[in-house]
Amino acid sequence: MALDKTGIAKRAAQELQDGYYVNLGIGIPTLLANYIPEGMDVILQSENGLLGIGEFPEKGKADPDLINAGKQTVTAIQGASFFDSALSFAMIRGGHINLTVLGAFEVSENGDIASWKIPGKLVKGMGGAMDLVASAKNIIVTTTHTDRNGKSKLKKACTLPLTGVSCVKKIITDLAVVSVTDKGFKLLERAPGVSVEEIKHATEGNLIVEGNIPEMNL
Amino acid sequence: MNKVVKNATEAIIGLKDGMTLMIGGFGLSGIPENTLKELARIKVKNLTCISNNAGVDDFGLGVLLRDKQLKKMIASYVGENKEFERQFLSGELDVDLVPQGTLAERIRAGGAGIPAFYVPAGYGTEVAKGKEVREFNGKMHLLEYGLTADFAIVKAKYGDASGNLIFNNTANNFNNMMATAGKITIAEVEELVPVGELNPNHIHTPGIFVQRIFQGVNYEKRIEFETTR
């Protein structure tokens, strides 16, 4: 069975390591914060100027001066810091962020990502996504494997305007975990009960399948 | 040297049609509410606005947008604003979308006297169109230019009569850099205190960058997405 958003977030959370500074994008990536393994120190950065994002505030305690990059009210953990946008992107551009997790409309088999614009239809802007994908050490995309019309989001080449080139390292979808290699997508894991054939069928780009592909351990 | 003005009306003296403005804030957090309302009231037109976002339909910069006071927006993210999307797609509004970190650095550079610099963000995308590309350490970079403005309009939690500013939590965002990049910088603050009351160790923006300062009134401080546990 294909995973739901929570399942994707749970699997993506397994990519976290102790001591990591992590930037989570809007949507599924934000859910990762709920599945940080017990005892692991992971500091979440919000590019609007917060290092150490905490839980959502209690009812009635939301502070208009304390939001995340998705403009949602949040809290700050003990040991957090606030700073301006230039310093925030010094953290990002300077390579101090260990991992970026973000969503995408499309990813190509060479690691290009399109996530910010659908010409003629939707213009929201790139926000910090272009800066993040150009500079983070490790970039993971979480997304559904196909779009609403069943078309593959894992493409030979992106058709939508790019956010960054040759930058995505790994893709975690509702069907599979796939790494980006010189020769295309490499299948690493299957969602529980999903066959290699189903994944192949849902992947437009070249999918390398070597040996026995294990199921995700959730 | 007197930097203290009475209110937004006095603060924007000399602000004219066709000027370039920087407006602080991220989303609706840390926006100069009083000055934005005054700009909407006097109906100054053909403005170029540099601001990370464009407000929402009925608040912040969104009001100026609705009343067609803006000729051009330089921003990184403009979602959550239908009127913006409409004016953009119809071509009424000239829009320059800039990656957020590049936007922040362009403002910082402008204020710091750095005319141009290279960044990797946007390489290989439509943002790179027409820009000089150069390789450093095996990685491709784009040449980006510093930004300045006729007026930079920022909002802080505390300020003093010398123009020193302290921001609150994530309401700092673009305000700190923008304060450095205005030919004239207006700071509106929630609390204007006498000189000597702010701890010099805690100042975010030193007063040298601020020409006019006033204590704002009736802050709404709207929340765009109130999320709770």
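Throughout, read-outs are computed from the coordinates displayed, never taken from laboratory work. Owing to the predicted nature of the structure, the values given are computational and were not obtained by experimental measurement. Neighbour counts run over all protein chains shown; Cβ positions are idealised from the backbone, glycine included.
How high is the relative contact order of the stretch A:1-83, in percent, counting Cα pairs under 8 Å that sit 6 or more residues apart?
Values: 118 pairs, mean separation 20.2, N = 83.
Over the stretch A:1-83, the number comes to 24 percent.
Out of A:Ser166, A:Ala191, A:Thr203, whose Cα points farthest toward the positive end of the dipole of the stretch A:152-218 (charges: +1 Lys, Arg; -1 Asp, Glu; placed on Cβ)?
Farthest towards the positive pole: A:Ser166.
With N denoting the number of residues in the stretch A:67-218, provide Rg(C-alpha) divided by 2.2 N^0.38 Å, to two decimal places.
Numbers: Rg = 16.8 Å, N = 152, 2.2 N^0.38 = 14.8 Å.
Its radius of gyration relative to the 2.2 N^0.38 Å reference: 1.13.
What share of Cα pairs, in percent, lie more than 20 angstrom apart in the stretch A:10-89?
On the way: 930 of 3160 pairs.
Value for the stretch A:10-89 (Cα pairs over 20 Å): 29 percent.
Debye sum, Cα scatterers, the stretch B:87-145, no solvent: what log₁₀ I/I(0) at q = 0.13, 0.24 1/Å?
-0.39, -1.00
What is chain B's relative contact order, in percent, from Cα pairs under 8 angstrom and six or more apart in sequence? Intermediate results must be reported in sequence, preceding the final value.
Details: 531 pairs, mean separation 53.9, N = 229.
Normalised by residue count, the contact order of chain B is 24 percent.
Looking at the stretch B:1-102, send over the antiparallel percent of its DSSP beta bridges, to the nearest 5.
On the way: 2 of 13 bridges.
Percentage antiparallel, nearest 5: 15.
Sort A:Phe82, A:Phe89, B:Phe136 so that the residue with the fewest other Cβ atoms within 10 Å of its own Cβ comes first and the one with the most comes last.
Working: A:Phe82 23, A:Phe89 26, B:Phe136 9.
So the residues, fewest neighbours to most, are B:Phe136, A:Phe82, A:Phe89.
Calculate the length of the line joining the C-alpha centroid of the stretch A:1-77 to that of the stretch B:72-96, in whole Å.
Taking the Cα centre of the stretch B:72-96 as reference, the centre of the stretch A:1-77 is 29 Å away.
What whole-number volume per residue, in cubic angstrom, does the convex hull of the C-alpha atoms of the stretch A:116-156 give?
Numbers: hull volume 4.6 nm³, N = 41.
Spelled out: Cα convex hull of the stretch A:116-156, divided by residues, is 112 Å³.
Just the ratio, please: alpha-carbon radius of gyration of the stretch B:86-190 over 2.2 N^0.38 Å, N its number of residues.
Numbers: Rg = 16.4 Å, N = 105, 2.2 N^0.38 = 12.9 Å.
Rg over 2.2 N^0.38 Å, computed on Cα atoms: 1.27.
Starting from the Cα gyration tensor of the stretch B:137-229, take the square roots of the eigenvalues, sort them a ≥ b ≥ c, and report rounded, prolate or oblate (rounded when a/c is under 1.5, otherwise prolate if a/b is larger than b/c, else oblate). Each step should come with its number before you reach the end.
Details: a/c = 1.89, a/b = 1.29, b/c = 1.47.
Taking the square roots of the gyration eigenvalues as a ≥ b ≥ c, the stretch B:137-229 is oblate.
So how many Å³ per residue does the convex hull of the Cα atoms of the stretch B:125-171 work out to?
On the way: hull volume 8.7 nm³, N = 47.
Taking only Cα atoms, the stretch B:125-171 has a hull volume of 186 Å³ per residue.
When DSSP assigns beta bridges and you keep just the ones with both residues in chain A, what percent turn out antiparallel, to the nearest 5? Before the final figure, lay out the partial values.
Details: 21 of 39 bridges.
Close to 55 percent.
Take the alpha carbon gyration tensor of the stretch A:1-149, find the square roots of its eigenvalues, order them as a ≥ b ≥ c, and report rounded if a/c is under 1.5; if not, report prolate when a/b exceeds b/c, else oblate.
Numbers: a/c = 1.41, a/b = 1.29, b/c = 1.10.
Note, shape of the stretch A:1-149 comes out rounded.
Give me the percent of DSSP beta bridges within chain B that run antiparallel, rounded to the nearest 5.
Numbers: 13 of 42 bridges.
Here the share of antiparallel DSSP bridges comes out near 30 percent.
Report the Cα centroid-to-centroid distance between the stretch B:172-207 and the stretch A:118-197 in angstrom, as an integer.
Each part's Cα centre sits 42 Å from the other's.
Principal axes first, then extents: for the Cα atoms of the stretch A:29-70, list largest minus smallest coordinate on each axis, whole Å, largest first.
That works out to 30, 23, 16 Å along the principal axes.
Please compute one quarter of the surface area of the Cα convex hull for chain B and express it in square nanometres.
Details: hull surface 57.8 nm².
Directional mean of the projected Cα hull area for chain B stands at 14.5 nm².
Quick check for you: which residues of the stretch B:143-178 have the amide N under 15 Å from the point 7 Å beyond the Cα of B:Glu191 toward its beta carbon?
Residues B:156-161, B:165-169 qualify, since their backbone N sits under 15 Å from the label point.
Which residue, A:Ser108, A:Ser135, A:Ser195, tops the fluctuation ranking in a GNM of chain A built on C-alpha contacts under 10 Å?
Taking springs between Cα atoms under 10 Å, the residue moving most is A:Ser195.
If you project the alpha carbons of the stretch B:157-201 onto the principal axes, what extent comes out on each, in Å, largest first?
25, 24, 20
Over chain A, what is the relative contact order in percent, taking alpha-carbon pairs closer than 8 angstrom and at least six residues apart? It would help to have the intermediate numbers written out before the result.
Values: 491 pairs, mean separation 43.1, N = 218.
Across chain A, relative contact order equals 20 percent.
Any idea what % of Cα-Cα pairs in the protein assembly as shown are farther than 38 Å?
24
So for the stretch A:149-218, what are the equivalent ellipsoid semi-axes in whole Å, largest first, each being the square root of 5 times an eigenvalue of the Cα gyration tensor?
Numbers: eigenvalues 85, 36, 25 Å².
Ellipsoid half-lengths, sorted descending, are 21, 13, 11 Å.
Need one word for the stretch B:1-101: rounded, prolate or oblate. Basis is the Cα gyration tensor (sqrt eigenvalues a ≥ b ≥ c); a/c below 1.5 gives rounded, then a/b vs b/c decides. Provide the component values of the computation, followed by the final result.
On the way: a/c = 1.84, a/b = 1.58, b/c = 1.17.
Since a/c reaches 1.5 and a/b is larger than b/c, the shape of the stretch B:1-101 is classed as prolate.
Please find, in a Gaussian network model of chain B (springs between Cα atoms separated by less than 10 Å), the residue of B:Asn164, B:Asn218, B:Asn46 whose mean-square fluctuation is greatest.
Most flexible of the set in this elastic network: B:Asn218.
Provide the net charge surrounding B:Glu197, with neighbours chosen by a C-beta distance below 10 Å and charges set as Lys +1, Arg +1, Asp -1, Glu -1.
Numbers: positive: none; negative: B:Asp160, B:Glu191.
Neighbour charge sum, excluding B:Glu197 itself: -2.
Hey, rough spin-label estimate for B:Asn7 and A:Ser81, points 7 angstrom out along Cα→Cβ, what's it come to in nanometres?
4.1
GNM on chain B, C-alpha springs below 10 Å: top fluctuator among B:Pro194, B:Pro206, B:Pro32?
Its mean-square fluctuation being the largest, the pick is B:Pro194.
What is the P(r) of the stretch A:58-137, as percent of Cα-Cα pairs per 5 Å bin from 0?
With a bin width of 5 Å, the distribution comes to 3, 11, 18, 20, 19, 14, 10, 4, 1, 0.
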